[in-house]
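Worksheet for the structure shown next.
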Amino acid sequence: MRDTLDFLLYDWLRVEALLERPRFADHSRETFDSVLDTCERIAREKFAPFNRLADIEEPRFDGERVILPASTHAAAQAYVESGMLAAAQDHDHGGMQLPCVVEMAANAFFSKAGIGLGGGLLTSGNANLLMAHGTPMQKAVFANNEFAGRWFGTMCLSEPQAGSSLSDIATRATPDGADSDCDPLGPRYRLRGNKMWISNGEHELTENIVHLVLAKIPGPDGKLVPGTKGISLFIVPKKLVDTDGRLTGERNDVALAGLNHKLGYRGIPNTLLNFGEGRFPVRGAAGAIGYRVGAPGDGLRCMFHMMNEARIAIGLGAVALGYAGYEASLQYARDRAQGRPVGPAGKDAAKPPVRIIEHADVKRMLLAQKAYVEGGLALALYCARLVDEQHTGASDADEQATLLLEVLTPIVKSWPSEWCLEANSLAIQVHGGYGYTRDFAVEQYWRDNRLNMIHEGTHGIQAQDLLGRKVVMAGGAGLKLLGARMQATIELALRREGLAPHAQALAAAWQAVDAATRTAWASADPADALMNAMPYMRAFGHVVIAWIWLELGLAGGDAGSARGGTDNAGAGRLQALRYFYAYELPQAAAWLAVVNARDPVCRDMRDEWF
Ligand SMILES: Cc1cc2nc3c(=O)[nH]c(=O)nc-3n(C[C@H](O)[C@H](O)[C@H](O)COP(=O)(O)OP(=O)(O)OC[C@H]3O[C@@H](n4cnc5c(N)ncnc54)[C@H](O)[C@@H]3O)c2cc1C
């Protein structure tokens, strides 16, 4: 993966150009490389050897504590010591002022080596949110202790009855007494409710846990405001702290109701938490103490401020797992001997069998994986680079990056979740029967990856977001801008021998997506438009990845062809590009045909017909 990362960062995305910006002026290619080297090494030494152990030794609750293997504690500590929790933060906050694109690339090593170990990404996401929306005191007390790795963080959105539809959350927050507005840590409330699926909700990895909780403040009539407008955001520490960040010795009223036993990602305890049920009364009363972040009713906006980065990180996690399976199955295919060549050369059973990598169908499965994982990695880093553009680019570049990210976020989250999971399935297939056993790592990668189509907005919700909102917002400005970017790539590729036919195929495919967008919305009725949102998103995603592959083809120069195949990495990339255009992109037309036909078969199916 490292060679691919280097190519993507330096040859394609020209990350060194960021060094000209004041924020990154203290950096150099050497400092970027040293972060990548360090993360690669820690992931190899402290994560990869324990990935299977964390899967087998699931988190266990003994009634008092959640017990995790010692190696999980060691991995979490090593991650803290790497400084990555605060990598993108200002020097003043103990950060490295690292560009988002380098930070994300470095984090991919950990996801690949042991995605279910640690929980660092949740903690930095939590702290970054507080840096954007917290008071100076909340930043100093909570975010800084999270960046330092003294405390870990969670995101508490989901409830048993409210997952995709957060407007239905029922956790209540009521002001905590007459002096509730005067607390230096922020307006103080008492929270009562249940939060489901909370990752890292209880553990002993750190001395405290900072929960960020969505809850509703009742109106004067005691009723909760329906919809998302009534949702506010609160910091609810597991243990109460003073304004210097010292533990006061008081346990907050947050209790673990139980652990969820998962298919994968087993290193991270997943919890059902009860807030404010009186298990740990505070100052003589039930109710978890929470400090409001931002204005009342502004909770979802604050939470979703970090959404682009969180969703890129999910896509990148899916890519990393796909990559792990790709590398494992490539190694297996190079070692495993089975069968003989098709045709006369294979007729002699006395001859030794060949390695399975010599069979065209096995090469197909490896090429598909390569096309999915390298294409997905490139898309994720492209989006991370857009985040840097948003934060540090000139004002027009910043606006364009924001528009592009709006449209690309559902794709960068969903496409790797679906297709790098397919890569994991192919990695199992390359292993034959062995892949279906627990003696090889590939089945765990598949199980771990299966989560990514579910959390941070399910696949179906991403499709609705794309077709229902993102491609039509601001009069379709994001869609037009993405089309313009593709057109620029197409024009360059048309002038390049070997790439021109692909450029023509991409132009036609994008026109088809553009036309299908209008057809889907022809009646202007969302119920009509969204009934086929999923095939629309699939086609859109495949066309985006085809564009990314054409970009990579251009960035790789004439590798492979002009140099007679001596540049194996370049030749391999060109072959993956050809694979994607021959085997994958044509499928987009079939998916769009359903959209264009405005086929109502799914919408019209009735409950009683099943
Ligand atoms: C391992 C794991 C870790 C998680 N970590 C966290 C965490 O740390 N914090 C947190 O807050 N949450 C977390 N989640 C929760 C996760 O975000 C939710 O599971 C997810 O949002 C889906 O909610 P749900 O499970 O209630 O499913 P539902 O919302 O009930 O969805 C069930 C199915 O119905 C579909 N569906 C629902 N509504 C619609 C609609 N309007 N239109 C079309 N289809 C629809 C969905 O796409 C899905 O296929 C985690 C979940 C898991 C499994």
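Pairing each residue of the range 452-468 that is free of Cβ contacts under 8 Å to residues at least 60 places away in the same chain with any residue that is within 9 Å of the ligand (Cβ to nearest atom) and outside any loop (DSSP other than H, G, I, E, B), provided the two are 6+ apart or on different chains, yields C-beta distances under 8 Å for Met453/His459. Mind listing whichever residues of the range 11-48 are within 23 Å of Leu554 (Cβ to Cβ) and not in a helix (DSSP H, G or I)? Result: Leu13, Arg14. The single condition among (1) under 30 Å from Thr174 (Cβ atoms); (2) surrounded by fewer than 23 Cβ atoms within 10 Å (Cβ to Cβ) that Pro341 does not satisfy is (1). Selection of the range 150-177 for residues being near the ligand (Cβ under 8 Å from one of its atoms), of a type in the set (Gly, Ala, Ser), surrounded by 14 or more Cβ atoms within 10 Å (Cβ to Cβ) and not in a strand (DSSP E or B) yields Ser158, Gly163.
One residue stands out among those in the range 101-132 that are over 16 Å from His305 (Cβ atoms) and polar (S, T, N, Q): the one that is nearest to the ligand (Cβ to nearest atom), which is Thr123.
Could you look through the range 186-203, keep only residues that are closer than 17 Å to Asn260 by Cα and among the charged types (D, E, K, R), and pick out the one that is nearest to the ligand (Cβ to nearest atom)? Looking at residues that are closer than 17 Å to Asn260 by Cα and among the charged types (D, E, K, R), I get Lys195. Filtering the range 487-502 to residues that are crowded, with 22+ Cβ neighbours inside 10 Å and among the aliphatic types (A, V, I, L, M) leaves Ala493, Leu499. Pairing each residue of the range 507-519 that is over 16 Å from Asp599 (Cα atoms) with any residue that is not in a helix (DSSP H, G or I), provided the two are 6+ apart or on different chains, yields C-beta distances under 8 Å for Ala509/Leu585. Could we say that Leu98 is touching a residue at least 60 places away in the same chain (Cβ under 8 Å), over 19 Å from Met303 (Cα atoms) and either within 16 Å of the ligand (Cβ to nearest atom) or assigned to a loop (DSSP other than H, G, I, E, B) (or both) here? Yes. Among the residues of the range 465-482, the ones that are within 16 Å of the ligand (Cβ to nearest atom) and surrounded by fewer than 21 Cβ atoms within 10 Å (Cβ to Cβ) come to 3 in all. One residue is enough: does the range 28-39 have a residue meeting the conditions surrounded by 15 or more Cβ atoms within 10 Å (Cβ to Cβ), in contact with a Ser or Thr (Cβ under 8 Å, 6 or more places away or on another chain) and closer than 20 Å to Ala378 by Cβ? Yes, the range 28-39 has at least one match. Counting only residues that are in contact with a helix residue (DSSP H, G or I) (Cβ under 7 Å, 6 or more places away or on another chain) and part of a helix (DSSP H, G or I), the range 390-404 holds 9 of them. Among the candidates Arg438, Arg485, the residue that is assigned to a loop (DSSP other than H, G, I, E, B) and away from the ligand (no atom under 16 Å from the Cβ) is uniquely Arg438.
The residues listed here are Asp253, Asp298, Asp242; of these, the one that is touching a strand residue (DSSP E or B) at 6+ places or on another chain (Cβ under 8 Å), of a type in the set (Asp, Glu), away from the ligand (no atom under 15 Å from the Cβ) and under 21 Å from Ala132 (Cβ atoms) is Asp298.
No lab work stands behind these numbers, since they all come straight from the coordinates. For clarity, every value in this text was computed on a predicted model and none was experimentally measured. Cβ atoms come from the backbone with ideal geometry, glycine included; neighbour counts cover every protein chain shown.
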